[in-house]
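So the structure is just underneath, and the comments pick up after that.
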Amino acid sequence: MLIRLGNIFFYISMFLIICYPLQFQLEKLILICVCLASGFLGGRRIRIVPSNYIFLIVSLIFSFTNLMLSSFAGMNSSAYYSLYLFSPIIYIVIFSIHCDLLMDRNFIKFLIFTSIYISVVNINSVASSAGILHFGPMLTLFTGRIGVHEGYVQIVDYNVYSLFFLAPFVLIMLFNQDLTRLLRYSSSILIVSSVLLTGRRALWIAISVACLFTFFMWIAYNYKVKIKQIRYVIIISTSTVFVVVLAIIFMYNYQSIFGVFSGLSTRLTDAFTNDGGLGIRQLQQSILIAEWLEAPIFGHGIPSSASFVRSIDFSAAYEASYHALLFQTGIIGFVIYSMPVVFVFIRLCLIYLKRLIRTAGLYILAVISGFLCILIGVYTNPYFGSFDGLWMLFLPIMLYNSIILSIKEKNGSNIVR
């Protein structure tokens, strides 16, 4: 009974984390505490494979030392203890005691349903903003705002960040024959439509690269492309284009389709111009790298900001996340934080290609795709700069943890960790 109750609270807390980032924080904390208490009282225990345990301990020691030294230097480090110390512990513990759920079919459905929820809420809000649909009760679920521009719209809401992981995940799970066609097709069409409507260029690029990478992974896995699965790609692509075109026709009062897609194309190519976003990011990168060279080994401190401040409220936050990490933590910190990410990503790829978990191969590939997509997205936006965004980092890490534990239980202890 306690375990089942813990599972329920786990799903509720994850729903709020994924769909409502930076909101309901007190409610999330309460749900997580109840979830952990139910799990521990129900007999569950923390199980972490040696590699993850070592990565965790090393990163926590480095983070604590860095923050303490920053505090002694007069920096305000209090806000960063939560992000660099408590958040990793919470995610690793909660995913660890629910490791059986991470490999469960219901968890796959849960992630797909969260993508449907985000997509439907956002699409409804765009339609309402355009004056073609007004479903009041659903509008109350939308917490962002809609920007209507020439040739495209833009959804400004924190749950869009979750699409970096969910969109490629859903598109890969389109090929999962264990799920119903209705669920696979509807979720794929909805999330592609939602992604287009977000107006986020980094999201479009990251999804394209991630899906292309996983396509080659799939080819390497199967050695040859199966005609039957190509058919699914054609069907979903055609259906998505049809739905999006219809939505655009109604949304823009029957204006030229070519004009609309010209707007989308301009929006995408504008990302690579100095006026459209590339310039400010290049400025951040050049300043961060130049000032990193003043303290290349240990960095300037996690709470420190460069001479260029992007946000007065969050002075240490930069869109150039990787450059900021290098500037703040130096080569030592950059290696410590990046090693577990690179290690887990490579290990997941090898697990998939070696078919170590045959029954969950496509699921692992979908997680790899989502993982790669968010890692690309973080290059231009600080999506890991809050507790809620970190679920996209620690889910793949702890899925790897669950896979290794399941292999160990099946084959004994003679496995490579």
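Numbers for the structure displayed
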| item | result |
| --- | --- |
| Hey, Ile17 open to solvent by less than 20 Å² (accessible area, probe 1.4 Å) and closer than 21 Å to Ile118 by Cβ or not | yes |
| Some residue of region 319-332 being in contact (Cβ under 8 Å) with a residue 40 or more places away in the chain, farther than 30 Å from Ile48 by Cα and either open to solvent by less than 40 Å² (accessible area, probe 1.4 Å) or in a loop (DSSP other than H, G, I, E, B) (or both) | yes |
| Checklist (1) surrounded by 16 or more Cβ atoms within 10 Å (Cβ to Cβ); (2) without any contact (Cβ under 8 Å) to a residue 40 or more places away in the chain; (3) closer than 20 Å to Gly389 by Cβ applied to Phe9, failing item | (3) |
| Which listed residue is assigned to a loop (DSSP other than H, G, I, E, B) and under 21 Å from the mean Cα position of the chain (by Cα), from Leu22, Leu56 | Leu22 |
| Filter pass, Ile3 being assigned to a helix (DSSP H, G or I) and open to solvent by 70 Å² or more (accessible area, probe 1.4 Å) | no |
| Candidate set: region 322-364, residues that are at pLDDT below 90 and small (Gly, Ala, Ser); chosen: the one nearest to Ala220 (Cα to Cα) | Gly361 |
| Test: residue in region 365-376 that is at pLDDT below 95 and over 30 Å from Gln23 (Cβ atoms) | yes |
| Filtered residues of region 333-388 (kept if of a type in the set (Val, Ile, Thr) and touching a residue at least 12 places away in the same chain (Cβ under 8 Å)) | Ile336, Val341, Val344, Ile351, Ile357, Ile364, Val367, Ile368, Ile374, Ile376, Val378, Thr380 |
| Of all residues making up region 159-178, the number that are part of a loop (DSSP other than H, G, I, E, B) and in contact with a helix residue (DSSP H, G or I) (Cβ under 6 Å, 6 or more places away or on another chain) | 3 |
| Among residues of region 179-195, those that are more than 24 Å from Leu372 (Cα to Cα) and part of a loop (DSSP other than H, G, I, E, B), counted | 1 |
| Residue that is nearest to Ile112 (Cα to Cα), among those in region 344-367 that are surrounded by fewer than 16 Cβ atoms within 10 Å (Cβ to Cβ) and out of contact with any helix residue (DSSP H, G or I) (no Cβ under 7 Å at 6 or more places or on another chain) | Thr359 |
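The values are calculated or read from the model by the stated rules, or taken from the named source; none is laboratory data. Keep in mind the model is a prediction, meaning the values are calculated, not measured. Ideal geometry is used to build each Cβ from the backbone, glycine not excepted, and the neighbour counts take in all protein chains shown. Please note that ligands, DNA and RNA were not included when accessible areas were found on the heavy atoms of the full protein model with its side chains. Shrake-Rupley method; radii C 1.70, N 1.55, O 1.52, S 1.80 Å.
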